[in-house]
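Chemist: Here it is, the structure in full.
No value in this document is a laboratory result; all are computed from the given coordinates. Since this is a predicted model, take the numbers as computed values, not measurements. Reconstructed Cβ throughout: ideal geometry from the backbone, glycine too, with neighbour counts over all protein chains shown.
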Amino acid sequence: MRPLVKIFRFSPIIIEKKQRLGGLQQVSNFQNVWYLGLIEKTGYEIAEQFRQHIQVEEISTLLGSQVRSIVKDGDNFQIFTEAKEITAQGLVIATGQRIKGYEGIKFIEGSHELLSSQEIFFDPGATPLLTPQMNEKIVAIVGGGDNGLVTAIRFSETAKHIHLFVRSQMCGFKVNQKTIYEKVEAGKITLHQPAIIQRFEVQDNQIYITFGDGERLEEKLA
């Protein structure tokens with residue numbers, strides 16, 4: 001098979017700061033609903049297919065490489081990593097999405113208690129979705145971006161109920177926002193917006209959330 005990129009006389013180089021290609025798909029056990037032709041594939045499986053495709057196309061990759069600086073030099077770009085200097089005629093910046101973990105809530109009182117709880121997940125892709133226990137649990141999700149919205153949508157099909165906390169405005173794709181409102185209308189999701197969380201408490205495997213206005217959510221959350 002002739003590599004596609006060579007037919008068009010491209011010589012691309014992928015610079016990836018992690019040791020494996022695949023981006024956010026590397027940490028997702030969600031079944032695919034975004035990429036056509038990859039029905040029911042998980043993020044892990046899609047990432048592996050991406051890697052195999054890159055190998056078939058014989059595309060050069062620099063794994064574990066952090067870009068330190070980029071300098072415009074006439075019609076070219078000088079790209080500097082820790083170990084390489086690359087001259088390129090074109091530049092595509094594709095940084096993708098990043099999971100915001102504990103650093104997003106560490107300023108909230110009691111947040112350190114969440115680190116020791118087995119019911120807390122900062123990585124949506126690692127969260128159990130289809131286990132029988134999920135049908136018995138009320139789940140709290142913090143975040144109004146696409147990670148938070150998609151996780152709430154997926155969980156709404158398996159969990160007993162979803163509480164979605166959006167601190168200001170939802171900023172995910174419009175289609176995800178539309179689905180959230182449909183789930184709210186159907187009684188599967190309770191939307192708290194704006195939700196200023198003041199304190200977390202973990203007691204006897206239960207999670208309590210107190211808001212800035214004094215309201216306290218005391219249902220059994222997971």
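Chemist: Going highest first, how would you order 44-50, 104-110 by mean Cβ packing within 10 Å?
Modeler: 44-50, 104-110
Chemist: Let me ask something additional. Take each of the peptides 196-202, 168-174, average the number of other beta-carbon atoms within 10 Å over its residues, and list them starting from the highest.
Modeler: In descending order of packing, they fall as 196-202, 168-174.
Chemist: Tell me, ARG167, ARG154 in order of fewest to most beta-carbon neighbours within 10 Å?
Modeler: Working: ARG167 15, ARG154 18.
So the residues, fewest neighbours to most, are ARG167, ARG154.
Chemist: Ranked by Cβ crowding within 10 angstrom, fewest neighbours first, how are THR81, THR87 ordered?
Modeler: Going from sparsest to densest Cβ surroundings: THR87, THR81.
Chemist: Which pairs, out of LYS17/LYS72; LYS41/LYS72; LYS41/LYS174, put more than 31 Å between their alpha-carbon atoms?
Modeler: LYS41/LYS72, as the Cα separations exceed 31 Å there.
Chemist: Which whole-number percentage describes the relative contact order of the range 4-88, with Cα contacts under 8 Å and a sequence gap of 6 or more?
Modeler: Normalised by residue count, the contact order of the range 4-88 is 29 percent.
Chemist: In 10 Å bins starting at zero, report the fraction of Cα pairs in the range 4-88 per bin as a rounded %.
Modeler: Over the range 4-88, the share of Cα pairs per 10 Å bin runs 16, 36, 33, 14, 1 percent.
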